[in-house]
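Written below as structure tokens is the structure these notes are about.
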């Protein structure tokens, strides 16, 4: 009844209320337009969304680039390619001090991981990669290329392999930020890290010679290098601020006979 009676009122009070409602609606329209006009926080959110769209476009271009690069890399893989020799330099932070590490790749344990490692090796990706993270009694980590333009070409992640072998000392595993995020970063387990098994870290290979070289990698900077800066500035940043980092001088496939 009250709603019905109120709707029939035609006095001055009713008209005043109508005017107030119109003014309020007009104010709301003005605020709405202002928020979409390119000012205020809405503009910031729109800009972020726009950048996200640009990133998708760039990622698509990079995927095409890596496709051609992987194709050429695959062609360079020889038949006996389950052993990779890494020459590490700047051991113990000393210029010119080098050592050889041979890693046996085990496709039966991590076929997708091994495939990516072979592609990276054939593409000479490892050359000049700095060991930017060393955690005592845990592991040493590397795998961000010193040239940011090269690193961007390998940003596409590969699916996870199921964990079939434990993260024992001497095994080599992809670093990751969660499920299906493996790209190029790897780490050498310097102790038995069995607890990593349950977190999805699947070793793709193991050191068959040169573990003493891994133990000699310079750890004076520990975890100080900033991975974001390495991604954007590459070795220019690392050589300026962390000049004694150990690094991979070269990496190549070797035969099983040469690995012994």
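Please label the shape of region 181-254 as rounded, prolate or oblate, based on the square roots a ≥ b ≥ c of the eigenvalues of the alpha-carbon gyration tensor (a/c under 1.5 means rounded; beyond that, a/b larger than b/c means prolate, else oblate). Because a/c hits 1.5 or more and a/b exceeds b/c, region 181-254 counts as prolate. Shape of region 80-259 from the C-alpha gyration tensor: rounded (a/c under 1.5, with a ≥ b ≥ c the square roots of its eigenvalues). Using the Cβ-Cβ distance between residue 226 and residue 257 with R0 set to 45 Å, the FRET efficiency from 1/(1 + (r/R0)^6) comes to roughly 0.60. Efficiency by 1/(1 + (r/R0)^6): what FRET value for residue 233 and residue 194, r their Cβ-Cβ distance, R0 = 35 Å, to the nearest 0.05? So the FRET efficiency works out to roughly 0.45.
Run the quick spin-label model on residue 168 and residue 241: label points 7 Å from Cα toward the beta carbon, then report their separation in nm to one decimal. It is 3.8 nm. Taking a spot 7 Å from the Cα of residue 135 along the direction of its beta carbon, which residues of region 160-186 have an amide N less than 11 Å from it? The answer is 176, whose backbone nitrogens lie closer than 11 Å to the label point. Modelled this way, with points 7 Å down the Cα-to-C-beta line, the labels at residue 147 and residue 124 are 0.8 nm from one another.
Each of the peptides 85-96, 130-141 was scored by the mean count of other Cβ atoms within 10 Å over its residues; in descending order, highest first, they stand as 130-141, 85-96. Figure legend: label point modelled 7 angstrom from the Cα of residue 208 along Cα→Cβ; residues of region 86-113 with amide N under 12 Å from it are 102-107.
Each value in this text was obtained by applying a stated rule to the coordinates, not by laboratory testing. None of these values were measured; they are calculated from a predicted model. Please note: Cβ atoms are built from the backbone with ideal geometry, for glycine as well, and neighbour counts cover all protein chains shown.
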